[in-house]
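**Student:** Would you mind keeping the following structure in view while I ask a few things?
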Amino acid sequence: MDETIKRHLTGEERGGDGGGGGGGSSDGDFEPSMDRFPNHIIINVLEKMDLVSLCTAACVSPTFNSAVAYILPSLPFFDLSGFYLDEETLKHVVHRVQGAKSLTIDCLQMKNDSSIINILSDHIEDLSLLKCSHLSYDILRAIGERCPNLRSLLIEFAGLGAPDLLRMKLTGMLQKVSLLESLSIKIRGTLRDVFDVRPLVAFLPEGLKKLKLQQTGEMFFVVWLHTVRDIPWFKLQSLSLVLDVISDGLIRTVVDSLPLLVELDLEDIPFMEPSVRDLTNIGLQSLKYCRHLIALSIVRSRKNFPTSFTRVDNIGMFLLSEGCRGLESVKLGGFVKVTEAGFSSILYSCLNLKKFEVLTSPLLSDLAFDNMIGVARSLIELRLVSCRLLTSEAFEDLSSFSKLEVIDTSGCRSIGDPCLFYISSVTTVTKLNLAEADITDTGLAILGKGNLPIAHLCIRGCKRVTDKGIQFLFHDERKICKTLSVLDVGRIAGITDAAIFTIASTAKALTDLSLRFCFHVTDAALKMLVNRPNDNSSQLQRLDLCNCRGLSDDLIMLFQHKSAFRGLRWLGVGRTPLVNKREDFSKICKARPWFVVCFDDCEFGCHDGWQYHKSDD
């Protein structure tokens, strides 16, 4: 949150001194021009803006300030997930929007339950509490008592308490939120603790339509489903689970118990090789009885044990694609015995497919995408992650996907420069992930020449890229210079200060930059970012410097300047000399209560490691 946003939300805004005519012009001509518009027109325009734009507009002039002050209390949705507020700032912010029915908060800096309890009230219908690293399970009790009209709850815990305590607090809450339609409980950072859902049967809200639990036991959930299937009003439509194992028995019980299921998302994290209790072709075939199913995700994680779905092959995929032709979103991970024939059957059978994602498939080859003209015309997202047999030729017919917006080939190491030629012909692509690809500077030159409105670009681990490739990408004021907001150039040895200079001077819309493990980046590169032309340094919101060994601890002086990185919300300095400057950063964070410094190895915003943060951080 930059200075202008924080100033307005906390009630510290200053619209100007009557004689100056507002903040829009130094000659006093701007403010009278604002007064020419009736208030209802100004309000009508501002009501269409997001929160950040509203707060910026409030600082333009007293007229706009008054209009925003009028709008804020009536905002129905209030999303603070992109800001890392402390307790005091959050209290001021929420006080300004007391009528909001939907509230989303990043709780990374909340040190105790009271910081959230104090803002809960009966007008809240949709509540999302993210990264609750220091909150206890007792917050559930407070939610039940203070939010009786709650319809949707999403909460992420760090797993610091015992599972029995969670179950007790959750059952107490469910008795008081009878209108609840969507419940998502994520427990992060635990290894073997699983949540026993069986006691919840007696307290289920009658209107519950969506359930997401991380993590629970497969046997616990099967028993629970056998119980709820006999409840006439129980009509769950969306189910998402993280389990110890995905089995045929689980799939069949889900199908039999939840006939109205529209979305099914299953992920397992086994601690050993599953034996007879595992997913097979028969389990996949049973999904055909889910007549309303449009979104399916089945993934096996190798986080705890190197295992896969070894009892599913092409036959299982043929049966799935034949029985579930109405699927619009498919995500499959860990199916090591399925070849291109099995995966392509889904592309050919599901005519309304919009999202297709395959993870860790060693047998998926280019043949899966051969002659794709006229196939999967509605495809918007294509993610093929860690599929090592794929080469650039798999994307030769990519131009036939006229609606494609997202392409992710991270971990596909045989993809080279020709792939970028094919991608450059798809002018709708806004997100592109090429991590670990075998591309060169020439490939980035091809991508830069394309007319793609890319907003997110990741080339992490593309070892053959150098500073010249970055120069080619942003050469001659191409479209990407105006559209790119998130850039990841981490783990590239050929990236030096010269590349950062190019990025700083040409990427006009950049807000997030990852330089992690770029060993040749020095303090000079950070000074270049501060001195971006047209005051663009204030646009930078998240900066990842993890393991940039070329940096020195003298860099702390740069962050101590109030004018440097004014809009920066998150900074990652793990494994750098800056780790030794915790006390200095603590003082900076006190002056900027929306600013978070991560001393661990987390990715942007600590989304992948917040649950492991120490309480004294």
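**Student:** I need the full set of residues from the range 129-159 which are in a strand (DSSP E or B) and either open to solvent by less than 40 Å² (accessible area, probe 1.4 Å) or closer than 18 Å to Leu90 by Cα (or both), in order please.
**Tutor:** First, pick out the residues of the range 129-159 that are in a strand (DSSP E or B): 129-132, 152-157.
Those that are in a strand (DSSP E or B) and either open to solvent by less than 40 Å² (accessible area, probe 1.4 Å) or closer than 18 Å to Leu90 by Cα (or both): Leu129, Leu130, Lys131, Cys132, Ser152, Leu153, Ile155, Glu156, Phe157.
**Student:** A further question follows. Restricting attention to the range 286-316, report how many residues are farther than 22 Å from Leu258 by Cα and either open to solvent by less than 10 Å² (accessible area, probe 1.4 Å) or not β-branched (Val, Ile, Thr) (or both).
**Tutor:** Of the range 286-316, the ones farther than 22 Å from Leu258 by Cα are 300-315.
Add one more test, that the residue is either open to solvent by less than 10 Å² (accessible area, probe 1.4 Å) or not β-branched (Val, Ile, Thr) (or both), and what stays is 300-309, 311-314.
Number satisfying all stated conditions: 14.
**Student:** Taking the condition of being open to solvent by 20 Å² or more (accessible area, probe 1.4 Å), of a type outside the set (Val, Ile, Thr) and in a strand (DSSP E or B), how many residues in the range 78-127 meet it?
**Tutor:** Residues in the range 78-127 being open to solvent by 20 Å² or more (accessible area, probe 1.4 Å), of a type outside the set (Val, Ile, Thr) and in a strand (DSSP E or B): 2 in total.
**Student:** Next question, about the same structure. How about the range 353-364: which of its residues are in a loop (DSSP other than H, G, I, E, B) and open to solvent by 20 Å² or more (accessible area, probe 1.4 Å)?
**Tutor:** The first filter runs over the range 353-364 and keeps only residues in a loop (DSSP other than H, G, I, E, B), leaving 353-354, 360-364.
Answer for the range 353-364, where residues must be in a loop (DSSP other than H, G, I, E, B) and open to solvent by 20 Å² or more (accessible area, probe 1.4 Å): Lys354, Thr360, Pro362, Leu363.
**Student:** Being modelled with pLDDT of 95 or more and aromatic (Phe, Trp, Tyr), is that true of even one residue in the range 279-297?
**Tutor:** Yes, some residue in the range 279-297 is modelled with pLDDT of 95 or more and aromatic (Phe, Trp, Tyr).
**Student:** So which residues in the range 253-306 are touching a strand residue (DSSP E or B) at 6+ places or on another chain (Cβ under 7 Å) and free of Cβ contacts under 8 Å to residues at least 12 places away in the same chain?
**Tutor:** Passing the criteria: none in range.
**Student:** Shifting gears a bit: Just one of the numbered conditions (1) open to solvent by 20 Å² or more (accessible area, probe 1.4 Å); (2) within 25 Å of Glu381 (Cα to Cα); (3) hydroxyl-bearing (Ser, Thr, Tyr) is not true of Ser275; which one?
**Tutor:** (2)
**Student:** Right, next: May I ask you to say which residue of Ile407, Ile446, Ile380 is of a type in the set (A, V, I, L, M, F, W, C), open to solvent by 40 Å² or more (accessible area, probe 1.4 Å) and under 29 Å from Leu319 (Cβ atoms)? Reasoning before the result, please.
**Tutor:** Details: Ile407 fails: open to solvent by 40 Å² or more (accessible area, probe 1.4 Å); Ile446 fails: under 29 Å from Leu319 (Cβ atoms).
That would be Ile380, the only listed residue that is of a type in the set (A, V, I, L, M, F, W, C), open to solvent by 40 Å² or more (accessible area, probe 1.4 Å) and under 29 Å from Leu319 (Cβ atoms).
**Student:** Among the residues of the range 187-201, is any modelled with pLDDT of 90 or more and outside any helix (DSSP H, G or I)?
**Tutor:** Quick first cut of the range 187-201, residues modelled with pLDDT of 90 or more only: none.
Checked the range 187-201: no residue is modelled with pLDDT of 90 or more and outside any helix (DSSP H, G or I).
**Student:** Out of everything in the range 219-243 that is part of a helix (DSSP H, G or I) and open to solvent by 10 Å² or more (accessible area, probe 1.4 Å), what residue ends up being farthest from Arg300 (Cα to Cα)?
**Tutor:** Residues of the range 219-243 that are part of a helix (DSSP H, G or I), as a first pass: 219-228.
Then drop every residue that is not open to solvent by 10 Å² or more (accessible area, probe 1.4 Å), which leaves 219-220, 222-223, 226-227.
Working: Met219: 17, Phe220: 19, Val222: 18, Val223: 22, His226: 24, Thr227: 27 Å.
Out of the qualifying residues, it is Thr227.
**Student:** Please determine whether any residue of the range 531-543 is over 23 Å from Gly461 (Cβ atoms) and modelled with pLDDT of 95 or more.
**Tutor:** no
**Student:** Are there any helices (runs of 4 or more DSSP H) wholly within the range 474-573 with 2 or more residues that are of a type outside the set (Gly, Ala, Ser) and open to solvent by 50 Å² or more (accessible area, probe 1.4 Å), and if so which? Quick ask: steps written out before the conclusion?
**Tutor:** Working: elements: 479-483, 497-506, 523-530, 556-560.
Here the list reads 479-483, 523-530, 556-560.
**Student:** What is the number of the single condition among (1) open to solvent by less than 50 Å² (accessible area, probe 1.4 Å); (2) aromatic (Phe, Trp, Tyr); (3) within 18 Å of Leu487 (Cα to Cα) that Phe595 does not meet?
**Tutor:** Here Phe595 meets the rest and fails (3).
**Student:** A further question follows. Looking at Ile246, Ile251, can you tell me which residue is at pLDDT 95 or above and in a loop (DSSP other than H, G, I, E, B)? Don't jump to the end; show me each part of the working.
**Tutor:** Numbers: Ile251 fails: in a loop (DSSP other than H, G, I, E, B).
The conditions single out Ile246.
**Student:** Does Arg383 satisfy the condition of being of a type in the set (D, E, K, R) and modelled with pLDDT of 95 or more? Step through it out loud before you land on a result.
**Tutor:** Values: of a type in the set (D, E, K, R): yes; modelled with pLDDT of 95 or more: yes.
So Arg383 fits the description; yes.
**Student:** Quickly run through the range 336-352 and pick out the residues that are in contact with a Ser or Thr (Cβ under 6 Å, 6 or more places away or on another chain) and crowded, with 22+ Cβ neighbours inside 10 Å.
**Tutor:** Passing the criteria: only Ile346.
The rows are residues; the columns are (1) in contact (Cβ under 8 Å) with a residue 40 or more places away in the chain; (2) within 22 Å of the chain's Cα centre (by Cα); (3) in a helix (DSSP H, G or I).
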position	(1), (2), (3)
Arg388	no, no, no
Ala394	no, no, yes
Pro418	no, no, yes
Thr428	no, yes, no
Leu432	no, yes, no
Ile439	no, no, no
Leu444	no, no, yes
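The values are calculated or read from the model by the stated rules, or taken from the named source; none is laboratory data. Computed from a prediction, not measured in an experiment: that's the story for all the values here. Because the Cβ atoms are built from the backbone with ideal geometry, glycine has one as well, and the counts that use them run over all protein chains shown. To get the accessible areas, we keep the full protein, side chains included, count just its heavy atoms, and leave off ligands, DNA and RNA. Shrake-Rupley method; radii C 1.70, N 1.55, O 1.52, S 1.80 Å.
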